[in-house]
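Sharing a structure below in structure tokens format, with a few things to ask.
The values are calculated or read from the model by the stated rules, or taken from the named source; none is laboratory data. These numbers were taken from a predicted model, which means no experiment stands behind them. Virtual Cβ from ideal backbone geometry, glycine too; neighbours counted across all protein chains shown. Surface areas here come from the heavy atoms of the whole protein model, side chains and all, with no ligands, DNA or RNA. Shrake-Rupley method; radii C 1.70, N 1.55, O 1.52, S 1.80 Å.
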Amino acid sequence: MAAAVGGALIGAGAFLFSWIAGIEGLSLFSWTFVGLVGGLAGAFADSYLGATVQMMYRCTVCGREVEVHEHCGHPTVRARGWAWMSNDLVNVLSSVIGGCVAIGLGNILAL
Ligand SMILES: [Zn+2]
């Protein structure tokens, strides 16, 4: 829900900027919809990558699976995922995927 609302707000903001700049383009509704769908796509990509390939660690104190090098004041050990697929990289990829979905949908709606 937060991803949908956040994306919709960004879409509405994009409409505002294009309107201020006098650029002919999508309606407020279309811009908002594009932002909403892009936000959801990014959130789902983040969940999918996080559940499959993201490098995860296990806390040796509380036993929880975490995405940080240190937990409960102790270093964690590697649990699963690709060694080079950090949480930061998952965030970057998810943002790019959400952005690409929004660009694609925006171009379809602009036809
Ligand atoms: Zn812990």
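Please pick out the residue among 42, 38, 25 that is modelled with pLDDT under 95 and among the small types (Gly, Ala, Ser).
After applying the criteria, what remains is 25.
Whether any residue in the range 12-27 is in a helix (DSSP H, G or I) and touching a residue at least 40 places away in the same chain (Cβ under 8 Å) is what I want to check.
Residues of the range 12-27 that are in a helix (DSSP H, G or I), as a first pass: 12-20.
Then drop every residue that is not touching a residue at least 40 places away in the same chain (Cβ under 8 Å), which leaves none.
No: zero hits.
Residues in the range 28-58 that are of a type in the set (Gly, Ala, Ser), within 19 Å of residue 18 (Cα to Cα) and open to solvent by 20 Å² or more (accessible area, probe 1.4 Å): how many? Steps first, please.
Of the residues in the range 28-58, the ones of a type in the set (Gly, Ala, Ser) are 30, 35, 38-39, 41-43, 45, 47, 50-51.
Checking the rest, the ones that are also within 19 Å of residue 18 (Cα to Cα) come to 30, 35, 38.
Still in the list and also open to solvent by 20 Å² or more (accessible area, probe 1.4 Å): 30.
Final tally of qualifying residues: 1.
Got a sec? Which of 79, 21, 12 is out of contact with any Ser or Thr (no Cβ under 7 Å at 6 or more places or on another chain), of a type outside the set (Ser, Thr, Tyr) and under 30 Å from residue 110 (Cα atoms)? I'd like the intermediate steps shown before the answer.
Details: 79 fails: under 30 Å from residue 110 (Cα atoms); 12 fails: out of contact with any Ser or Thr (no Cβ under 7 Å at 6 or more places or on another chain).
Only one candidate qualifies: 21.
Starting from residues that are in a loop (DSSP other than H, G, I, E, B) and closer than 21 Å to residue 92 by Cβ, keep the ones in the range 30-68 and report whichever is farthest from the chain's Cα centre (by Cα). Steps first, please.
So the first thing to find is which residues in the range 30-68 are in a loop (DSSP other than H, G, I, E, B), and the list is 53-55, 59-64, 67-68.
Next cut, closer than 21 Å to residue 92 by Cβ only: 53-55, 67-68.
Values: 53: 15, 54: 14, 55: 17, 67: 16, 68: 19 Å.
My answer is 68.
Right, another one. Limited to the range 59-87, what total is found for residues that are surrounded by 16 or more Cβ atoms within 10 Å (Cβ to Cβ) and more than 9 Å from the ligand (Cβ to nearest atom)? Give the derivation first.
Let us first name the residues in the range 59-87 that are surrounded by 16 or more Cβ atoms within 10 Å (Cβ to Cβ), namely 59, 66-67, 71, 76, 81, 85, 87.
Of the ones still in play, those that are also more than 9 Å from the ligand (Cβ to nearest atom) are 67, 81, 85, 87.
Selection size over the range 59-87: 4.
Another question, if that's okay. Need pairs with beta-carbon distance below 6 Å; first residue touching a residue at least 40 places away in the same chain (Cβ under 8 Å) and under 10 Å from residue 54 (Cβ atoms) and within the range 89-104, second of a type in the set (Gly, Ala, Ser) and part of a helix (DSSP H, G or I); sequence gap 6+ or separate chains.
90/50
Do we have residue 79 as assigned to a strand (DSSP E or B) and not acidic (Asp, Glu) here? I'd like the intermediate steps shown before the answer.
Numbers: assigned to a strand (DSSP E or B): yes; not acidic (Asp, Glu): yes.
Judged against the criteria, residue 79 is a match.
Residues 50, 81, 73, 42: which one is out of contact with any Leu (no Cβ under 9 Å at 6 or more places or on another chain) and more than 28 Å from residue 96 (Cα to Cα)? Steps first, answer last, please.
Details: 50 fails: more than 28 Å from residue 96 (Cα to Cα); 81 fails: more than 28 Å from residue 96 (Cα to Cα); 42 fails: more than 28 Å from residue 96 (Cα to Cα).
Answer to the check: 73.
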